[in-house]
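A quick write-up on the structure given underneath.
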Amino acid sequence: MTSYKEADLKELITPGASPRHIAIIMDGNGRWAKQRSLPRFAGHKAGVEAVRRAVGACGDHGVKVLTLFAFSSENWKRPPTEVSLLMELFFTVLKHEVKKLNRNNVRLRIVGGREAFSERLQARIAEAEELTRNNTGLTVVVAANYGGRWDIAQAARKIAAKVQRGEVAPGDITEDLLRIHTELGDLPEPDLFIRTGGEQRISNFLLWHLAYTELYFTETLWPDFDAAQLGIAIDSFGRRQRRFGRTGEQAETVAGA
Ligand code: FPP
């Protein structure tokens, strides 16, 4: 059983439908910088420009949720200077962009183990989420110190605590219960996953949530990813037949119903 409701299926399966939720692994910043003989950090700064473009373009396409993998739980293994420059960049971006996002009715949400960040950055994250929490336009989810396995484990811990308190019986642990305890459990699952930079892997991103997501890989390095590239990815998505375990004929019947 998937966590999709039958009633949603027609909308999800209809060819040409726009993705409601796009999830992106923004890869290739370092190579982009290297090609220009610039320090890696210049690639991350250029990556912020690409984030701005993606947010605007998703709004134009009527996308409801955009999830961006900004920093994985494995990225702490990078050289300390790159890690601290990235932290500083997140802080600066939150400081400078959040008012504009708020004016554009964007809701910002950060998912991942935020206790690993400095108190200053945690406070900035909390402020940004608080300021934008009632916005009704695009939801931008930034995954930072996030790992798909970590997410499943933290959901399991929350449920185990409920079992221990007698609030949940072990037999009541369903896929749906697990889903709602994951970090993105209240959002529609990603329809389209994009990875830039040429690698074709999931890299411990949204392991639970990508079960039925359409995957799109491009050689384009993240700082070069623009509205036109996003349009190409969305067009590719629109040409796919989503089946959710059904036969092609059944999917056509649901879509045409
Ligand atoms: C992967 O490229 C990119 C990252 C680990 C960092 C992503 C961060 C940003 C785009 C900037 C900030 C974003 C937000 C949402 C505030 P890489 O360094 O692995 O590139 P490479 O594979 O070419 O070395």
Next on the checklist: I need the full set of residues from region 212-229 which are open to solvent by 30 Å² or more (accessible area, probe 1.4 Å) and assigned to a helix (DSSP H, G or I), in order please.
Outcome noted: Asp224, Ala227, Ala228, Gln229
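One line per residue, one yes/no per condition, for (1) at positive phi; (2) open to solvent by 10 Å² or more (accessible area, probe 1.4 Å); (3) among the hydroxyl-bearing types (Ser, Thr, Tyr); (4) more than 12 Å from the ligand (Cβ to nearest atom):
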{"residue": "Arg107", "(1), (2), (3), (4)": "no, yes, no, yes"}
{"residue": "Glu115", "(1), (2), (3), (4)": "no, yes, no, yes"}
{"residue": "Glu127", "(1), (2), (3), (4)": "no, yes, no, yes"}
{"residue": "Arg133", "(1), (2), (3), (4)": "no, yes, no, yes"}
{"residue": "Leu138", "(1), (2), (3), (4)": "no, yes, no, yes"}
{"residue": "Val141", "(1), (2), (3), (4)": "no, no, no, no"}
{"residue": "Tyr146", "(1), (2), (3), (4)": "no, no, yes, no"}
{"residue": "Ile152", "(1), (2), (3), (4)": "no, yes, no, yes"}
Checklist entry - Before we move on, is Lys34 over 27 Å from Arg120 (Cα atoms), within 10 Å of the ligand (Cβ to nearest atom) and surrounded by fewer than 16 Cβ atoms within 10 Å (Cβ to Cβ)? => result yes
Checklist entry - Which members of region 52-73 meet the condition of being within 12 Å of the ligand (Cβ to nearest atom), over 13 Å from Ala228 (Cα atoms) and charged (D, E, K, R)? => result Arg52
Checklist entry - Which of (1) within 10 Å of the ligand (Cβ to nearest atom); (2) modelled with pLDDT under 95 is the odd one out, the single condition Ala46 does not satisfy? => result (2)
Next on the checklist: If I ask for residues that are of a type outside the set (D, E, K, R) and either touching a His at 6+ places or on another chain (Cβ under 7 Å) or within 14 Å of the ligand (Cβ to nearest atom) (or both), which ones from region 154-174 would you list?
Outcome noted: Ala155, Ile159
Next on the checklist: Residues to consider are Lys95, Lys10, Lys64; find the one that is open to solvent by 60 Å² or more (accessible area, probe 1.4 Å) and in contact with a strand residue (DSSP E or B) (Cβ under 8 Å, 6 or more places away or on another chain).
Outcome noted: Lys64
Checklist entry - So Ala126 clears everything in (1) under 28 Å from Pro39 (Cβ atoms); (2) in a helix (DSSP H, G or I) except one condition, right? Which one? => result (1)
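The values are calculated or read from the model by the stated rules, or taken from the named source; none is laboratory data. From a predicted model like this one, the values you see are computed outputs, not experimental measurements. Ideal geometry is used to build each Cβ from the backbone, glycine not excepted, and the neighbour counts take in all protein chains shown. SASA here: full protein model, heavy atoms, side chains in, ligands and nucleic acids out. Shrake-Rupley method; radii C 1.70, N 1.55, O 1.52, S 1.80 Å.
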